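See below for the structure under consideration.
The values are calculated or read from the model by the stated rules, or taken from the named source; none is laboratory data. All values reported here derive from a predicted model rather than from experimental measurement. Using ideal geometry, Cβ is built from the backbone for each residue, glycine included, and neighbour counts are taken over all protein chains shown.
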Amino acid sequence: MEPWSDLDKIKYYRDEIRLEFNLLAMRSTILVTCQSFLVVPFAILQTAANFRAVIMPMYLITFLGVFVALILREPLNAAHRTIHKWLIKHRSLLKESKELEAFAIDRDMIPGVDKNPDRDTDHVKSLAFSVYGPWAFCLFWCAAIVWTTVRMIVGF
């Protein structure tokens with residue numbers, strides 16, 4: 001088997017990056033879908049005539065919401081790590097190879113980005129939802145627990 005050319009390597013790296021971004025998108029969709037299936041029953045239970053009768057299911061839904069957000073955080077982080085690995089290889093190859101300069105974009109040539117993709121602010125912004133989304137849902141569910149408890153104590 002003959003060694004890969006730089007062009008073959010860059011194609012392979014880009015395919016791997018594309019695959020990981022697709023996996024990240026699917027995992028983000030799973031997070032939002034799971035959370036939406038929990039928000040709807042929580043909102044419906046908030047309208048119950050006998051609020052005290054539905055306290056236990058409401059607490060279970062809120063704890064399940066936090067649990068799901070925290071569980072899905074790790075697969076999202078795994079995709080981030082893999083994307084960073086492939087981006088580092090991709091950008092290092094672009095900087096090393098003169099024949100691939102035409103395939104590079106400005107973001108690939110940011111100083112130090114070939115060793116640390118976090119220097120690319122556009123890349124960091126593109127991952128913001130998958131980084132902060134699970135924490136936002138956890139915060140929402142914590143607020144829901146507080147709201148439910150206050151509503152139960154005060155009785156409104």
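Is there a residue in the range 80-89 that is modelled with pLDDT of 95 or more, on the phi < 0 side of the Ramachandran plot and in contact with an Asp or Glu (Cβ under 7 Å, 6 or more places away or on another chain)? Checking the range 80-89: at least one residue is modelled with pLDDT of 95 or more, on the phi < 0 side of the Ramachandran plot and in contact with an Asp or Glu (Cβ under 7 Å, 6 or more places away or on another chain). For the range 100-125, a residue qualifies if it is in contact with a helix residue (DSSP H, G or I) (Cβ under 7 Å, 6 or more places away or on another chain), at pLDDT below 75 and acidic (Asp, Glu), and the qualifying residues are Asp108, Asp114.
Pull up the range 22-41, narrow it to residues that are of a type in the set (Gly, Ala, Ser) and loosely packed, with under 15 Cβ neighbours inside 10 Å, then point me to the one that is farthest from Leu60 (Cα to Cα).
The selected residue is Ala25.
For the residues Leu64, Leu93, the requirement of being assigned to a helix (DSSP H, G or I), at negative phi and either at pLDDT below 95 or of a type in the set (S, T, N, Q) (or both) singles out Leu93. Here Ala69, Ala79, Ala104 are screened, and the one residue that is farther than 24 Å from Lys11 by Cα and of a type in the set (A, V, I, L, M, F, W, C) is Ala69.
Let's see how each residue does on (1) out of contact with any Pro (no Cβ under 8 Å at 6 or more places or on another chain); (2) within 26 Å of Leu38 (Cβ to Cβ):
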{"residue": "Phe63", "(1), (2)": "yes, yes"}
{"residue": "Ile71", "(1), (2)": "yes, yes"}
{"residue": "Lys85", "(1), (2)": "yes, no"}
{"residue": "Asn116", "(1), (2)": "yes, no"}
{"residue": "Arg119", "(1), (2)": "no, no"}
{"residue": "Ala136", "(1), (2)": "yes, yes"}
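Exactly one residue out of Ser130, Ser97 is more than 25 Å from Thr29 (Cα to Cα), touching a residue at least 12 places away in the same chain (Cβ under 8 Å), surrounded by 11 or more Cβ atoms within 10 Å (Cβ to Cβ) and hydroxyl-bearing (Ser, Thr, Tyr): that is Ser97.
Any residue at all in the range 56-68 that's closer than 30 Å to Leu94 by Cα and either in contact (Cβ under 8 Å) with a residue 24 or more places away in the chain or polar (S, T, N, Q) (or both)? Write out each step before concluding.
We begin by selecting, within the range 56-68, every residue closer than 30 Å to Leu94 by Cα; these are none.
Within the range 56-68, none of the residues are closer than 30 Å to Leu94 by Cα and either in contact (Cβ under 8 Å) with a residue 24 or more places away in the chain or polar (S, T, N, Q) (or both).
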